[in-house]
Amino acid sequence: MIAVKCPHCKIGLKVDESRIPEGIVTFKCPKCKKDIPLTYLDNISEEQEGETILVFGASSTSGDNTVGTLTVLPDADTAHQVFQIKEGIFTVGREAKVSVADFCVKTSDKTMSRNHIRIEVKKKPKGKGFFYCLSDNNSKNNTLYNGKSLETGDIIVLQNDDEITLGHTQIRFNDKTDKP
């Protein structure tokens, strides 16, 4: 049995990993009915044993539909973290007991809102890549995009290697479908 925490409603679940069909990348939360992304972890260190493991994004199996990543750049308040992006709409914010963000950043940076930004990922016409649309989600301390402040209502189309600042925390966006 493994411990899993739903990233949407935060309910803790015990899952019998031997009953998970091979190749599955999500399963429905029994409480909120939203998809919980699933990654297969081969090596768990002894320190992690018994801890709740919250995994975002799918493994790199043939069913992987990850199209980009958000990489939290480490600083004094925040450890390095990577979030896998898939097609759809999601929010990013500071992890807290009452956080409703889809991707919760573990940080002591209180200038980052619990539901700071919104990103919508949608296919470009004719299926040639994706648009990544960034907007501030009415955060208290604003959002910086490549050093420039986003105003209320602004929607920015992210490009590979763009930097987003939430409070004092920097996040780098990478498009996995962008081929040089």
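A few remarks follow.
- Yes/no for K124 being charged (D, E, K, R) and without any contact (Cβ under 8 Å) to a residue 12 or more places away in the chain: yes
- Scan of region 1-15 for residues that are at pLDDT 70 or above and over 22 Å from V105 (Cα atoms), ordered by number: K14, V15
- Test: residue in region 22-35 that is modelled with pLDDT under 85, over 16 Å from the mean Cα position of the chain (by Cα), among the aromatic types (F, W, Y) and not in a loop (DSSP other than H, G, I, E, B): yes
- Among the residues of region 76-107, those identified as open to solvent by 30 Å² or more (accessible area, probe 1.4 Å), over 26 Å from T177 (Cα atoms) and not hydrophobic (A, V, I, L, M, F, W, C) are D77, R94, E95, K97, K106.
- Positions within region 109-161 being in a strand (DSSP E or B) and open to solvent by 90 Å² or more (accessible area, probe 1.4 Å), in sequence order: K123, K148
- Residues being assigned to a strand (DSSP E or B), open to solvent by 60 Å² or more (accessible area, probe 1.4 Å) and farther than 26 Å from K124 by Cα - total across region 162-180: 1
- Residue within region 92-114 that is more than 28 Å from A76 (Cα to Cα) and modelled with pLDDT of 90 or more present: no
- Residues satisfying the stated conditions in region 80-92, i.e. within 19 Å of K34 (Cα to Cα) and either assigned to a loop (DSSP other than H, G, I, E, B) or of a type outside the set (S, T, Y) (or both): F83, Q84, I85, K86, E87, G88, I89, F90, V92
- Residue in region 172-180 that is farther than 23 Å from D77 by Cβ and at pLDDT 90 or above present: yes
The values are calculated or read from the model by the stated rules, or taken from the named source; none is laboratory data. Quick caveat, the model's predicted, so the values are computed rather than measured. Ideal geometry is used to build each Cβ from the backbone, glycine not excepted, and the neighbour counts take in all protein chains shown. SASA here: full protein model, heavy atoms, side chains in, ligands and nucleic acids out. Shrake-Rupley method; radii C 1.70, N 1.55, O 1.52, S 1.80 Å.
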